[in-house]
Each structure stands twice: as C-alpha cells, then as structure tokens.
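For reference, the structure discussed in these notes is given below.
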Amino acid sequence: MCSVVRDEPGNQEEGKIIARHLVKDYILKEKKGLFARGQKKVVHAVKDLSLEIPQGKITGVLGINGAGKTTTIRMLASIIAPTSGSLTMNGVDAVKKHLWVKERINVISGGERNLYWRLTAKENLRYFGSLYGLSGASLNEKIADLLETVGLEEAADIPVERYSKGMKQRLQIARGLINDPEYLFMDEPTLGLDIVIAKEIRRLVQELAKEKKKGILLTTHYIREAEELCDYIYVLDKGEIIAQGTREELKELFMYKPQLLIQVKPSDDQEYLALLKEEGEKTADEHVLNLLMKHQIQVEGLSVQEPELEEVLMKIISQPDRRSQ
Ligand SMILES: Nc1ncnc2c1ncn2[C@@H]1O[C@H](COP(=O)(O)OP(=O)(O)O)[C@@H](O)[C@H]1O
Ligand SMILES: [Mg+2]
C-alpha cells in the first residue's frame, strides 16, 4: 500500500511531479482592540503530504470539505509556496523554478470562474492564449483543435453567458489546455454538475490522460468519481494522507456496499423483529426479502443508499493498522 520513497535523482523523476513532506500553515492575524496585540492563529491546512503525479495517469485526492485538497493543488501548481517540504517536476525543483513550472501546468477549478461571459469561446481562448505569448495562425489552429477536443466547435462563436453549465465546464477544460500543459490540476471538476454532464466531463478527463498523456491530479469528494477515474488515489483527511492505493486496493479498504433500504409497516411481533435484525445483518438481501414474503409483510418502499464519504473515512481512521505512513 505504501509507495516507495525514491531519493536518487535521474530517470525515476522523469515524467512526474513528486511532492515530499509538503506542509502548509496559514497564519491568521486576529485584530483585537486598538492597543491589544493581534493574536496569531495557525491553520495547519496540509501537514505532511507526499505524493506523485505521473504523466499519462489520473491521480486522485479524495477528501471531505476542509481536508486540504485545494491547498494541495495550489502548492503543486506554484500558486502558493509550501511552508516546508520539497516539490519536483521532471526532476526540477519546482519551488525554485516556479516560472518554469507554470509553463508546464494548468489548473481547472469547478464552477464558472475564470471565463469572460460576454466573450465567445473563441475570444476567451484567444485571450488566455495571449497570456502565454501565443498569437496569430498558430493560436487560431490550437483553438480550433481544443474546441474539437472538448466538443464545442458549433458553439465557438456564441457568448459564454448563453452556455449551459456543462458547456462552460468544457470551455474551462479547453482553457486549461491552451498552453499544452504536461500536467493538469483539476479541483473538483464535476462539482455542482448534473449526472449526465459529470459523466461527459469524466470521459474527457480520461481521454486527456490516456490519449494526450497528461499527468492529471484530480480532487473530489465523490468516492464513485475517484474510483471510476483514478489510477491511484490518495485519501486526505485533516491535511494528512490517511490511505492510498490503486482503485482496487482502495475498494477493498473502503469495503462498502450500497445499502438496500427496505421500508415495512411497523410490527409488534418480537420473533419476527429479532429475525429481521439477524437477517438484515447478513450480506444477502434476498434473505430479508424471503423473510418478508414468508411473513407476508408488505414492503412500503425500497431504495439503494450510497455511503457518505465521511462514514467511509471514519472506518479507515478507526483501523490504524491499515493507515499508510
Ligand atoms: N487562504 C486561507 N487562509 C486561511 N485558512 C485557509 C485558507 N485556505 C484554506 N484554509 C483552511 O485550510 C483548511 C483546508 O482547506 P482547503 O484546502 O480549502 O480544503 P478542501 O479544498 O479540501 O475543502 C481548512 O481548514 C480551511 O479553512
Ligand atoms: Mg476545495
């Protein structure tokens, strides 16, 4: 389960971002009265984070709100400096050479920020391309390519304000690809999107890793999304990685099954209630259904419930032997 720490430079650092023992403290100054000294409060947003992002793969960081996902992305993307720890990209020190790094990465956040609503997709991309020093025919060609990649050719000349949420998110992805980055950081890319659109975005993310060989880091608080997309997943809680592994390894660690909720009429039959409890704890749902039929109990409702990420995390935290170091 634990990844091997490799310190020797060379080939093993090629084609990946490697973070070692990253720490980020935010220092908040609380203003008191006019003469009272402001109290300092330290938020330990990321405590000791080591991870790798290889090209051609999707690496997931899974965690509830406040776990430190966005802080992690902001450090990896050189938007904020780590308090301590080391960060390399293709073997180059990313903290020292952050301008070099910025040319090779891009960040896509969920939501609708970073786009100019009055401008069309083409105009937006032309603007963002110019920030990377791109212009002329080569930029136009790139824009046409990107619009095709994200499936927005037909909407290319429509102002973004008339786009659906899914179209805006696809344009965000095109914007994130304008500098042809080697690594792409996606902060909750499907947040707030409906199921169909989220699925479309996931397919696009998969294509970017598998076909365009981008190294993708994706944060999410959806277990299913991490399992569906990610080749390797880090589970972050309170700024620390509490588990990591391939999706198969984590599925085993999460050990959750969707719960079948069967709603029945209240009953006073103690024998039946005891049996129901016993059967309900067994894995096979048909036991319960057989029992209901035998006692001619009318089912009032059926539903399948996915577990909350919080629940699954609690289970991991309460199994100290299975935590990664
Ligand atoms: N700019 C900031 N200043 C102070 N505290 C922050 C700042 N950004 C995030 N935090 C705090 O750091 C912790 C991690 O936040 P964040 O990285 O945004 O988590 P996530 O993206 O997983 O929800 C939270 O306790 C949050 O309140
Ligand atoms: Mg966040």
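So that you can scan it fast, the table gives a plain yes or no per residue for (1) within 16 Å of ligand 2 (Cβ to nearest atom); (2) out of contact with any Leu (no Cβ under 6 Å at 6 or more places or on another chain); (3) touching a residue at least 60 places away in the same chain (Cβ under 8 Å); (4) of a type in the set (A, V, I, L, M, F, W, C):
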site	(1), (2), (3), (4)
Gln39	no, yes, no, no
Leu49	yes, no, yes, yes
Ile53	no, no, yes, yes
Gly56	no, yes, yes, no
Gly68	yes, no, yes, no
Thr72	yes, yes, yes, no
Ile79	yes, yes, no, yes
Thr83	no, yes, yes, no
Leu87	no, yes, yes, yes
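When you check Gly151 against the structure, is it surrounded by fewer than 20 Cβ atoms within 10 Å (Cβ to Cβ), more than 27 Å from the chain's Cα centre (by Cα) and not aliphatic (A, V, I, L, M), yes or no? Give the steps one after another, and end with the answer.
Values: surrounded by fewer than 20 Cβ atoms within 10 Å (Cβ to Cβ): yes; more than 27 Å from the chain's Cα centre (by Cα): no; not aliphatic (A, V, I, L, M): yes.
When the stated conditions are applied, Gly151 does not pass them.
Among the residues of the stretch 67-78, is there at least one that is in contact with a Pro (Cβ under 7 Å, 6 or more places away or on another chain), within 16 Å of ligand 1 (Cβ to nearest atom) and not in a helix (DSSP H, G or I)? I'd like the intermediate steps shown before the answer.
Within the stretch 67-78, the first condition is being in contact with a Pro (Cβ under 7 Å, 6 or more places away or on another chain), and the residues that meet it are 75.
With the extra rule that they be within 16 Å of ligand 1 (Cβ to nearest atom), the set shrinks to 75.
Retained after the next criterion (residues that are not in a helix (DSSP H, G or I)): none.
No, there is no match, as no residue in the stretch 67-78 is in contact with a Pro (Cβ under 7 Å, 6 or more places away or on another chain), within 16 Å of ligand 1 (Cβ to nearest atom) and not in a helix (DSSP H, G or I).
With respect to Lys102, determine if the residue is within 29 Å of Gly192 (Cα to Cα) and at pLDDT 95 or above. Even if it seems obvious, please write down each step before you answer.
Values: within 29 Å of Gly192 (Cα to Cα): yes; at pLDDT 95 or above: no.
Judged against the criteria, Lys102 is not a match.
How many residues, within the stretch 108-133, are over 18 Å from Met167 (Cβ atoms), at pLDDT below 95 and touching a helix residue (DSSP H, G or I) at 6+ places or on another chain (Cβ under 7 Å)?
Residues that pass the stated criteria total 0.
Looking at the stretch 111-119, is at least one residue surrounded by 15 or more Cβ atoms within 10 Å (Cβ to Cβ), charged (D, E, K, R), within 16 Å of ligand 2 (Cβ to nearest atom) and under 25 Å from the mean Cα position of the chain (by Cα)?
Among the residues of the stretch 111-119, at least one is surrounded by 15 or more Cβ atoms within 10 Å (Cβ to Cβ), charged (D, E, K, R), within 16 Å of ligand 2 (Cβ to nearest atom) and under 25 Å from the mean Cα position of the chain (by Cα), which makes the answer yes.
Conditions first: (1) outside the structural domain of Leu208 (by TED's automatic domain parsing); (2) of a type outside the set (Ser, Thr, Tyr); (3) closer than 23 Å to Gly15 by Cα. Arg118 passes all but one, so which condition is the exception?
(3)
Name the residues in the stretch 198-229 that are within 16 Å of ligand 1 (Cβ to nearest atom) and either more than 19 Å from Gln169 (Cα to Cα) or of a type outside the set (A, V, I, L, M) (or both), would you?
Here is the first cut: in the stretch 198-229, the residues within 16 Å of ligand 1 (Cβ to nearest atom) are 217-223, 225-226.
Matches in the stretch 198-229: Thr219, Thr220, His221, Tyr222, Ile223, Glu225.
Does Val61 satisfy the condition of being assigned to a loop (DSSP other than H, G, I, E, B) and either out of contact with any Asp or Glu (no Cβ under 6 Å at 6 or more places or on another chain) or within 16 Å of ligand 2 (Cβ to nearest atom) (or both)?
On the way: assigned to a loop (DSSP other than H, G, I, E, B): no; either out of contact with any Asp or Glu (no Cβ under 6 Å at 6 or more places or on another chain) or within 16 Å of ligand 2 (Cβ to nearest atom) (or both): yes.
The answer is no for Val61.
Going by what's in this entry, would Val42 be described as loosely packed, with under 15 Cβ neighbours inside 10 Å and within 27 Å of Met314 (Cβ to Cβ)?
yes
Here are some residues: Pro189, Pro159, Pro181. Which one is out of contact with any Cys (no Cβ under 7 Å at 6 or more places or on another chain) and within 16 Å of ligand 1 (Cβ to nearest atom)?
So the residue among Pro189, Pro159, Pro181 that is out of contact with any Cys (no Cβ under 7 Å at 6 or more places or on another chain) and within 16 Å of ligand 1 (Cβ to nearest atom) is Pro189.
The values are calculated or read from the model by the stated rules, or taken from the named source; none is laboratory data. Values in this document were obtained by computation on a predicted structure and should not be read as measured data. Virtual Cβ from ideal backbone geometry, glycine too; neighbours counted across all protein chains shown.
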